[in-house]
Amino acid sequence: AAGLGKVKPPEEVIRLDLGDDGEVPLERPARTKGSGKGEGKGEGKGRKDPKTKAHKGLRETMQKYSRGASSKGLKVKGDKKLATKVKQRAKADAEAAFRLAKAEVLQTAESGYIQTESNEDTRRLTQQDILDSTGVGVARKHFSFNVPYGPYNCSFTRNGQYMLAGGRKGHVALLHCDSMELSCELYLKETVRAVQPLHNHLMFAVAQRKYIFIYDNQGVELHCIKMQKHPLHLDFLPYHYLLVSAGDKGELTYRDTSYGREVAEHKTRLGPTTCMRQNPKNAVMHLGHTKGLVTLWTPTVKEPVVKMFCHSAQVTSLAVHGNYMVTAGSESKWKVWDLRMYKEVHNMRTFGHAPSSIDVSMKGLVSIGHGSHFEVWKDLFSTAKPKRPYITEEYPSRMIDCVRFRPYEDVCAVGHTEGFGNLVVPGAGVANFDSFEANPFETKNQRREREVQTLLDKLQPDSIMLDPDKIGGLNETVVKEWKKEAAKKAAEEAKEAAKNQKATKKMRGRNKVGNRMKRKGLAEGKGQREKAKDRDGDEDSDFDDEDDEDDDDDKGTREGG
């Protein structure tokens, strides 16, 4: 047909060999013998479907998505209903991990690092070299602002959409990281020590000279927290809605931002807190002190759950990533610690100045700012001690005060004495994100829904503990003690109820006053006689023991004579 276009041939061409009669021969597959009575005529009653085995790579992916210890092998005795619930829970957890592992095929984006020739060193590459080899979308994330209100402290929201920067001389700015639109800008004319966004960009906290102030995204002051004076560090626990602050008087305060009340306050008794960061895995706060100590705190325990001697001088900065902690001291050393054994893994030394700030990305890259030098180290938690940094950058005539990685992006924010800016660090962020956890592209309606859902799912401060896998378990010793106390209390209550119980009404003069008093006296006398018998029995046993001892002594003297 003239009006029709050309039809492309199929990608796979199947060749069919013709037989002698000019037709395609058809062959029926051979039947397998079943174990039933038919013996080949059917599957039979005893035949079972073959069990499918999970692929090795799929099993490894399922382990990655499994949360905590599995309850599959947990046995419950004496309660069939509870055993059924535990079994159903284990099945649901395994099904969720299996579906997440299967859905990983749909995640096409992958995170990658800088690939160079065999003899080329990545630390010699400058930011301009990296930007020249990347696309326009990545190059737009690099910026630098020179503002005379530094040094600057930087922080990001959970989804990485907004960046909050606070200058020591009173300048605070909240801006959108992609469009670079300024949401609000404050000139407080007061010392700003720390800034921290709360559950989203609509509220953020600023640690000023004397108090902690809460502002909205328009720059309007909402609250002034006067309970803790002279705050130095701020942090926010998103799953518990807790604003954590530490001051120069050694006070650690937990405050619930959903209803504004103070949850806990601890006295560290170790002087001013030099640095503070949270462990995202279990929400335990890590505090650094002037004597080289690092202490771990929870809201329910008034003493530190762990106390580590990390440096011989003041701890200047620290960061936590999974089971590892990175600390820096004023003796120009920074170390990597294994929190499972509380042992040192690596020990590094900086040149020039002591490290002033440390941060760890979502992929495990460690950024360090010391003096005017900026370094990024790779493979610190998975391999042996690396010989050289991954990326370096210089800030001549400027001192770095803060380094922070942007979530889900290959970007690191650097705050220094003359302003702040972003650097491109390939391989720092996670390429695929969970939109129910933190969505970098969330809309207004999604933000509202997530805010309501997180408030409904808010965890209690009691759930913060060093080992989160213990949540949901039972301590048999505590359960036994509780049962004993409950039984004792029930017996006392029954005794009190029997004592206060009214006497039954008896007929034919048996319920007269004299008869009632007589029965009461007889009951009291019976109780006294029983007590006396018990007391006499104990005294007789003591006398018997003394007589036995005297007999033994007399026998010993006779034998000796």
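Brief remarks on what is shown
- Here the range 377-518 is assigned +1 on the Cβ of each Lys and Arg and -1 on the Cβ of each Asp and Glu. Its dipole about the Cα centre then comes out at about 2680 debye.
- Each part reduced to its alpha carbon centroid, the range 379-398 and the range 245-268 end up 35 Å apart.
- When the listed pairs K169/K387; K102/K281; K343/K480; K267/K444; K81/K489 are checked against a 32 Å cut-off, the alpha-carbon distance exceeds it for K169/K387; K343/K480; K267/K444.
- Accessible surface of the range 231-384 [probe 1.4 Å, protein heavy atoms]: carbon and sulfur percent: 49
- Near W482: Cβ cut-off under 15 Å, other residues only, Lys/Arg at +1 and Asp/Glu at -1. The net charge is +2.
- With all pairs of different C-alpha atoms in the average, the Kirkwood value for the hydrodynamic radius of the range 195-255 is 11.6 Å.
- Environment charge of V294, counting only residues whose C-beta is closer than 13 Å and scoring Lys/Arg +1, Asp/Glu -1: +3
- Rounded Å value of the spacing that divides the Cα centres of the range 399-419 and the range 332-353: 21
- Taking a Cβ cut-off of under 12 Å around P272, the surrounding Lys, Arg, Asp and Glu residues balance to a net charge of +2, with basic ones at +1 and acidic ones at -1.
- Excluding ligands, DNA and RNA, the accessible surface per residue across the range 350-501 is 57 Å² with a 1.4 Å probe.
- Summed over the residues of the range 205-310 and divided among them, the accessible surface reaches 41 Å² per residue at a probe radius of 1.4 Å.
- Normalised by residue number, the volume inside the convex hull of the Cα atoms of the range 112-203 is 133 Å³ per residue.
- GluC sites (Glu not before Pro) restricted to DSSP loop in the range 376-455 with at most 14 other C-beta within 10 Å: E437
- Here the range 426-497 is treated with +1 on each Lys and Arg Cβ and -1 on each Asp and Glu Cβ, and its dipole about the Cα centre works out to around 140 debye.
- For the range 369-418, dividing the convex hull volume of the Cα atoms by the residue count gives 90 Å³ per residue.
- At most 16 other Cβ within 10 Å, DSSP loop - trypsin sites (Lys or Arg not before Pro), the range 340-448: R340, K387
- Rg over Rh [alpha-carbon atoms, Kirkwood Rh] for the range 183-328: 0.96
- Computed log₁₀ I(q)/I(0) - Debye formula, equal Cα scatterers, no solvent, the range 315-375, q 0.12, 0.22, 0.25 Å⁻¹: -0.25, -0.82, -1.03
The values are calculated or read from the model by the stated rules, or taken from the named source; none is laboratory data. These numbers come from a predicted model, not from an experiment. Using ideal geometry, Cβ is built from the backbone for each residue, glycine included, and neighbour counts are taken over all protein chains shown. In case anyone asks, the SASA skips ligands and DNA or RNA and just uses the protein heavy atoms, side chains included. Shrake-Rupley method; radii C 1.70, N 1.55, O 1.52, S 1.80 Å.
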